Amino acid sequence: MKKYGSNFIVILFFTQAFWAIFQYRIAHFFNEKIKIQPFRHIFMLFMYSWQKIIEILTGISIPASVKIGHSFYIGHFGGIIINSDAVIGNDCNISQGVTIGVSGLGDKRGVPIIGNNVYIGANSVVAGKIVIEDNVLIGACSLVNTDVKSNCTILGVPAYIVSDRGSKGYI
């Protein structure tokens, strides 16, 4: 029989990705729900300070304004940067070294919208005003700067489609 209490202790005290996601969920709640001044400033000052501490300890930057769906998972900690305007769907997994950021010029400047069931491999960059649809697998060390249709596996610099199997089995 498994000891679930010991697993919880390990996750709580030794999993840096859990700390970052937990801090994000609380900060995002306050960012979305508290609109009355001066309470908003007081809570957000605390949340930004806490976010910076977690960012320094874990190497994971997830601003409170990011929109992330349920069951978000970070496989390994370190070197993860998510732009404050990014949108990430449900059941998404990202690995260490991932950047989801701003890129482009003029009307093409912006941040990605990432769909559901997307797996982003280690050291990948997803940047620009692009849409990554559902069930996409982004291979390690890839640069994604164009739209990606559902159920694709992409990799490379710049990333290109290598398969139509998608993220099934990776999420």
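The values are calculated or read from the model by the stated rules, or taken from the named source; none is laboratory data. Keep in mind that this is a model prediction, so the values were computed, not measured. Here the Cβ is made from the backbone with ideal geometry for all residues, glycine too, and neighbour counts use every protein chain on show.
Among the residues of region 24-44, are any among the hydroxyl-bearing types (S, T, Y) and touching a His at 6+ places or on another chain (Cβ under 9 Å)? For region 24-44, residues among the hydroxyl-bearing types (S, T, Y) and touching a His at 6+ places or on another chain (Cβ under 9 Å): absent.
The rows are residues; the columns are (1) under 27 Å from F13 (Cα atoms); (2) out of contact with any Phe, Trp or Tyr (no Cβ under 6 Å at 6 or more places or on another chain); (3) of a type in the set (D, E, K, R); (4) modelled with pLDDT of 95 or more.
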site: V66; (1), (2), (3), (4): yes, yes, no, yes
site: H76; (1), (2), (3), (4): yes, yes, no, no
site: G79; (1), (2), (3), (4): yes, yes, no, no
site: G110; (1), (2), (3), (4): no, yes, no, yes
site: G128; (1), (2), (3), (4): no, yes, no, yes
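How many residues, within region 84-102, are closer than 15 Å to I130 by Cα and part of a strand (DSSP E or B)? Looking only at that region, the number is 5. Evaluation of Y170 against the conditions (1) in contact with a Phe, Trp or Tyr (Cβ under 8 Å, 6 or more places away or on another chain); (2) part of a strand (DSSP E or B) shows that the sole unmet condition is (2). Among the residues making up region 109-126, those that are in a strand (DSSP E or B) and within 12 Å of the chain's Cα centre (by Cα) are I113, I114, Y119, I120, V125, V126. Would you confirm whether any residue within region 71-81 is surrounded by 14 or more Cβ atoms within 10 Å (Cβ to Cβ), of a type outside the set (D, E, K, R) and not assigned by TED's automatic domain parsing to the domain that holds I120? Checked against the condition, which is being surrounded by 14 or more Cβ atoms within 10 Å (Cβ to Cβ), of a type outside the set (D, E, K, R) and not assigned by TED's automatic domain parsing to the domain that holds I120, region 71-81 yields no hits at all.
Considering region 41-62, the residues that are of a type outside the set (A, V, I, L, M, F, W, C) and within 18 Å of the chain's Cα centre (by Cα) include one that is farthest from G78 (Cα to Cα), namely Y48.
Would you say K129 is crowded, with 16+ Cβ neighbours inside 10 Å and over 14 Å from the mean Cα position of the chain (by Cα)? Judged against the criteria, K129 is a match.
For region 12-40, filtered to residues that are loosely packed, with under 11 Cβ neighbours inside 10 Å and closer than 20 Å to D85 by Cα, the residue that is nearest to the chain's Cα centre (by Cα) is K33. Residues of region 135-167 that are part of a loop (DSSP other than H, G, I, E, B) and surrounded by 19 or more Cβ atoms within 10 Å (Cβ to Cβ): N135, V136, S142, C152, A159, G166, S167.
Would you be able to say whether some residue in region 41-58 is touching a helix residue (DSSP H, G or I) at 6+ places or on another chain (Cβ under 6 Å) and part of a loop (DSSP other than H, G, I, E, B)? For region 41-58, residues touching a helix residue (DSSP H, G or I) at 6+ places or on another chain (Cβ under 6 Å) and part of a loop (DSSP other than H, G, I, E, B): absent. Of all residues in region 32-45, none that is over 17 Å from P63 (Cβ atoms) has its Cβ atom under 8 Å from the Cβ atom of a residue that is modelled with pLDDT of 90 or more and surrounded by 10 or more Cβ atoms within 10 Å (Cβ to Cβ), 6 or more apart or on another chain. For region 77-103, a residue qualifies if it is touching a residue at least 40 places away in the same chain (Cβ under 8 Å) and farther than 22 Å from A27 by Cβ, and the qualifying residues are S95, S103.
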